[in-house]
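**Q** Take a look at the following structure, please.
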Amino acid sequence: MDEVSRFGGRVTSRDGTPVAYERYGDGDGPPLVLVGGAPGAAAGERALAGLLARSFPVVAYARRGRGGAVEREIEDLAAVLAAAGPGAAVHGAGAGGALVLAAAAAGLPVGPVSVYEPAPTGASLGRVSARVLVVDGGASPAESRRAARALAAALPRARHRTLTGQTHEVAPHVLAPVLAGFLAESLAEERDLPGGS
């Protein structure tokens, strides 16, 4: 297979903090922004980004180090979304999933949202207007799977999916086609709405 193109960039958050990101793929259409579970480098997202970038552009960014306030992290994500372009979808795993949900509840302009076993969030989930896919691993602890189902039930426009045999450390080649299918379906639904493009 051909190598996926990749280039780096930098945006400035509202408080002046620089946020580094990498953009994968050259495709048209709304990109997907990946929000990692652990603050720091976006390296952990590279395998998933490389797989997904064959279908659409993907942006992965380096979250703030430990101790970053949620409000500041939401501002960082807002800056990355502005650079990514209108209608960007967002995916987060673990603590990154909680951040994505908090950002959507705070009114950030996001397209479809997916989360993989997100950490608990204090966000007002009823305010999340985006389509949401909540995913968990079939080999994860029962508590994690129950929490994922409860989260999907609490969100206005969500559905739940379990990936057989996966744990909290989901295999990128298993998750990528699920995300790609959800995003393609969400974009098709948007186009079919009155006034859709």
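The values are calculated or read from the model by the stated rules, or taken from the named source; none is laboratory data. Bear in mind the structure is a predicted one, so any value in this text is a computation, not a measurement. Neighbour counts are summed over all protein chains in view; Cβ atoms, including those assigned to glycine, are modelled from backbone coordinates with ideal geometry. Note: areas computed on protein heavy atoms with side chains; ligands, DNA, RNA excluded. Shrake-Rupley method; radii C 1.70, N 1.55, O 1.52, S 1.80 Å.
**Q** Determine the pairs where a residue that is at negative phi, located within the range 171-182, has a partner that is of a type outside the set (A, V, I, L, M) and modelled with pLDDT under 95 with Cβ atoms under 7 Å apart, the partner being 6 or more residues away or on another chain.
**A** Short answer, once both residue conditions are applied: 180/55.
**Q** Which numbered condition in (1) modelled with pLDDT under 90; (2) open to solvent by less than 70 Å² (accessible area, probe 1.4 Å); (3) over 22 Å from residue 97 (Cα atoms) is the only one that residue 16 fails?
**A** (1)
**Q** Now for a separate question. Within the range 133-152, how many residues turn out to be assigned to a helix (DSSP H, G or I) and either polar (S, T, N, Q) or open to solvent by less than 50 Å² (accessible area, probe 1.4 Å) (or both)?
**A** Within the range 133-152, residues that are assigned to a helix (DSSP H, G or I) and either polar (S, T, N, Q) or open to solvent by less than 50 Å² (accessible area, probe 1.4 Å) (or both) number 5.
**Q** State all residues of the range 111-132 that are buried (at least 24 other Cβ atoms within 10 Å of the Cβ) and in contact (Cβ under 8 Å) with a residue 60 or more places away in the chain; if no residue qualifies, say none.
**A** 112, 114
**Q** Tell me, which residue of the range 28-54 that is in a loop (DSSP other than H, G, I, E, B) and either among the hydrophobic types (A, V, I, L, M, F, W, C) or crowded, with 18+ Cβ neighbours inside 10 Å (or both) is modelled with the lowest pLDDT?
**A** The qualifying residue modelled with the lowest pLDDT is 41.
Here's the yes/no breakdown for (1) within 16 Å of the chain's Cα centre (by Cα); (2) assigned to a loop (DSSP other than H, G, I, E, B); (3) modelled with pLDDT of 95 or more; (4) more than 17 Å from residue 115 (Cβ to Cβ):
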site	(1), (2), (3), (4)
22	yes, no, no, yes
56	yes, yes, no, yes
65	no, yes, no, yes
68	no, yes, no, yes
77	yes, no, yes, no
